[in-house]
Amino acid sequence: MSQKKEQKAQAAARVQLFRDAASFRKVERIPHLSAAVTWKIFDAGHTLDEAMTDFKVMEECNRHFLDTYPVDAMLDIGIRNQFNVTEAFGPGGYYYYTPDVVGIKDHAHCTLETLEEYQEDPLKYTWTKVLPKKYGEDWAKKDKAVWKKTFKEYMDYTMFILHMGGVTKEYGLPSMAPNNPMSGAIQFGIEELEANLLGIRQLSVAMRRGPEILDRFIERWDREHIDPIIEKVMKSDGPNYKYCFDASVMMLAQNIMSTAQFERFYWPSLKRLLDAYAAKGMNVRVFCEGSIARFTDYFKDYPKGVLTFHLEQDDPFEIREKLPNVCIMGGMTTEMLANASPEECVAYTKRLCDELGAEGGFIFSENKMLSYRNDAKAENMAAVCKFLNEYRL
């Protein structure tokens, strides 16, 4: 068998492994989705500023990770947080980094009063309101040379994304879901409001003082962004076995909501989408950032094989008890990877596999995106990866 055929076969076998686990079919071993992001940079001996401004260094860091830690799939293939494009355009970006930390500044593109203006013409609003505010006096100084440089960097970044897709194929790693790699997971209106348009503080106030405006925004957002996805799903032939999951969803806004607010602003859109995937027997990976424990009752009626919850702060054993129909992903805490011994990490990994995955329904991963130098010890990561590859249920 040629090397490329062998790599393709390995990726296909891993897709099947993820699919079987997510569908509660008994698996021989537990699959491992790595949630390591910028921790890979430190582990390879580089700093954030070195890797996030140089594609060659970032590729080196990812290859080092894959050579050292034999995982089955990666949440990030080295394409997050590259600053080449934003730095080409000049200062004023929301994301920032130091040699050891990458972060995002709280920001809001709109106010409650300007949301509808934004929706009428997002491009015009961005050009006339967002960018001048973001860059201040520098906005007027963006000449043709800056735009050409930025466009070149953007194209280089696009080619890097495609290149890194090829790198993961070399290691026999499958793709996670058929979402656009430039936009990531499916984005709901309420998440866009929290992440970009209003921010956490304004959204918290708006849910009490301007709920009708939010209703109109979400209704239109669904027509433009969610309805086309649902239509495409309903026309599909069902699961797409080129990928480990049929879709990825990231939930964060629920953390600032009461139950009544969740029912009004989040659940209707989410339910319509999940119902479509359920109707086609497809599986959705939901990254439950923060906690989902308060809202588990909403998901209890979906059949097994539809939902995979990647847990962050929630106890996986408690969520399994509340939602025996949902595949659990996660389990390994950054606290343990950072502070425990290799033997303790392996013992806990075995418990997760035995108690959550003996009959399917469990995928091992870290509970948070490993981002900082002290999020994990290399010896702990190596011990866990070795165990997962060798342990048979």
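The values are calculated or read from the model by the stated rules, or taken from the named source; none is laboratory data. Keep in mind it's a predicted model, so treat the numbers as computed, not measured. In this analysis, Cβ positions are derived from the backbone assuming ideal geometry, glycine residues included, and neighbour counts consider all displayed protein chains. Protein only, heavy atoms only, side chains kept; ligands, DNA and RNA dropped before computing areas. Shrake-Rupley method; radii C 1.70, N 1.55, O 1.52, S 1.80 Å.
Assorted remarks:
- 13 Å beta-carbon shell around residue 204, net charge (K/R +1, D/E -1): +1
- Volume per residue of the C-alpha convex hull in the range 271-316, rounded to whole Å³: 75 Å³
- Calculated accessible area for the chain comes out at 47 Å² per residue, all protein chains present (probe 1.4 Å; ligands, DNA, RNA ignored).
- Distance between modelled label sites at residue 322 and residue 149, nm, 7 Å Cα→Cβ extension: 5.0 nm
- Between residue 105 and residue 259, the contour length at 0.36 nm per residue exceeds the Cα-Cα span by 52.6 nm.
- When the Cα convex hull of the range 257-393 is projected onto planes of every orientation, the mean area is 8.9 nm².
- Taking every protein chain into account, the 1.4 Å probe leaves residue 111 with about 50 Å² of accessible area, to the nearest ten.
- GNM flexibility winner over the chain from 352, 197, 162 (Cα, springs under 10 Å): 162
- Among 144, 377, 152, the residue with the largest mean-square fluctuation in a Gaussian network model of the chain, with springs joining Cα atoms closer than 10 Å, is 144.
- Relative contact order [Cα under 8 Å, 6+ residues apart], the chain, whole percent: 25 percent
- Close amide H contacts of residue 250 (hydrogens built in the peptide plane, cut-off under 5 Å, sequence separation of 5 or more or a different chain): 186, 287.
- Our estimate of slack between residue 235 and residue 390, defined as 0.36 nm per intervening residue step minus the Cα-Cα distance, is 51.7 nm.
- Loop-resident GluC sites (Glu not before Pro) (DSSP state other than H, G, I, E or B) in the range 272-368 with no more than 12 further Cβ atoms inside 10 Å of their Cβ: 359.
- Those trypsin sites (Lys or Arg not before Pro) in the range 241-342 that DSSP places in a loop and that have at most 13 other beta carbons within 10 Å: 242, 300
- Here the scattering of the chain is modelled by Debye summation over its C-alpha atoms, one equal scatterer each and no solvent; at q = 0.10 Å⁻¹ the log10 of I(q)/I(0) is -0.71.
- Over the C-alpha atoms of the range 1-45, the Rg to Rh ratio, Rh being the Kirkwood estimate, stands at 1.13.
- Sorted largest first by accessible area at a 1.4 angstrom probe radius, with every protein chain in place, the residues 52, 336 fall in the order 336, 52.
- If the Kirkwood radius is taken over C-alpha pairs of the range 83-160, then at 25 °C and 0.890 mPa s the Stokes-Einstein diffusion coefficient equals 173 µm²/s.
- Rolling a 1.4 Å probe over the protein heavy atoms of the range 28-93, with every protein chain left in place, gives an accessible area that is 49 percent carbon and sulfur.
- Within the chain, helix-based [θ] at 222 nm, where runs of 4 or more DSSP H residues each add -39,500 (n - 2.57), nearest 500: -14000 deg cm²/dmol
- Cα-based Rg / Dmax (Å) for the range 332-393: 11.4, 35
- Chymotrypsin sites (Phe, Trp or Tyr not before Pro) within the range 34-118: DSSP coil, no more than 14 neighbouring Cβ in 10 Å: 94
- Label sites at residue 209 and residue 279, each approximated as a point 7 angstrom past Cα along Cα to Cβ, lie 4.0 nm apart.
- Set the Cα radius of gyration of the range 31-165 against 2.2 N^0.38 Å, with N its number of residues, and you get 1.25.
- Its relative contact order, with pairs defined as Cα atoms under 8 Å and 6+ residues apart, puts the range 203-286 at 44 percent.
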